[in-house]
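Below: the structure, in structure tokens.
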Amino acid sequence: MTLAAAGAAAIAAAVLTVPGIASAKVSGTSATPRPCRTSDVSFYFGGLTSGLSRRAFDITLLAHDGIACTLSDTPQVSLSGPPDQTAAIPLYVSGRGGTLVLRPDSPLHATVRYSKPDLPEHTLKVNALHLSMPDHSSLSTYFAVPGETDISQGGVVITSWTTGIGLGQGEEFE
């Protein structure tokens, strides 16, 4: 071994023992990304589709430039209705229990599906969607469109987060 190679190996060994750098992967990539915060991501709606009774839209998360963070593949979403509505809004969220890494070049999408009510007595109103992040930060926004949305008392179904360019194009399904 040359003197230069021995010196480089000693420096590399010393750097990897410094606290905080020891978690870096040997392959030279950065440390494991931290859990996502709401301040790390941009949140978008898209792909609103409607048929006779079914409605769907996409939720897309995109990490801000220079951010890589982790979150569960199960969207942490809750819904709320107007204050005078006493009935709970049934919510079914899919997920496999895996962890995903969100990056600026790899957005994540989930699809929200619900039905329109067939009769007034089968109607629930939804006016807000709340998205929580692994660090327990959250944000709230409207559900599908501003104002109240009438849905069937059957509730809302949300798919797992998937990667791809969105709106069903290039999505990865299992």
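The values are calculated or read from the model by the stated rules, or taken from the named source; none is laboratory data. Quick caveat, the model's predicted, so the values are computed rather than measured. Cβ coordinates were reconstructed from backbone atoms using ideal geometry, including for glycine residues, and neighbour counts include every protein chain displayed. When the accessible area is computed, the model is the full protein with side chains, heavy atoms only, and any ligands, DNA or RNA have been set aside. Shrake-Rupley method; radii C 1.70, N 1.55, O 1.52, S 1.80 Å.
Tabulated results
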read-out: Highest to lowest packing among 70-76, 113-119, scored as the average C-beta count within 10 Å; value: 70-76, 113-119
read-out: By average C-beta atoms within 10 angstrom, highest first, the peptides 36-44, 92-100, 153-161; value: 153-161, 36-44, 92-100
read-out: Distant-in-sequence amide H partners of Gln76 (H built 1.01 Å from N, under 5 Å); value: Ser132
read-out: Å² per residue, accessible surface of the stretch 77-165 at 1.4 Å; value: 51
read-out: Shape category assigned to the stretch 60-106 from the gyration tensor of Cα positions, a/c cut at 1.5; value: oblate
read-out: Cα gyration tensor, the stretch 39-174 - rounded (a/c under 1.5), prolate or oblate; value: prolate
read-out: Peptide ranges 123-129, 81-87 listed from the most packed, as the mean C-beta count within 10 angstrom indicates; value: 123-129, 81-87
read-out: The stretch 99-160 and the stretch 45-67: distance between their alpha carbon centers, rounded to Å; value: 9
read-out: The stretch 49-174 - percent of accessible surface contributed by carbon and sulfur, probe 1.4 Å; value: 51
read-out: List Val101, Val112, ordered by accessible area with a 1.4 Å probe, largest first; value: Val101, Val112
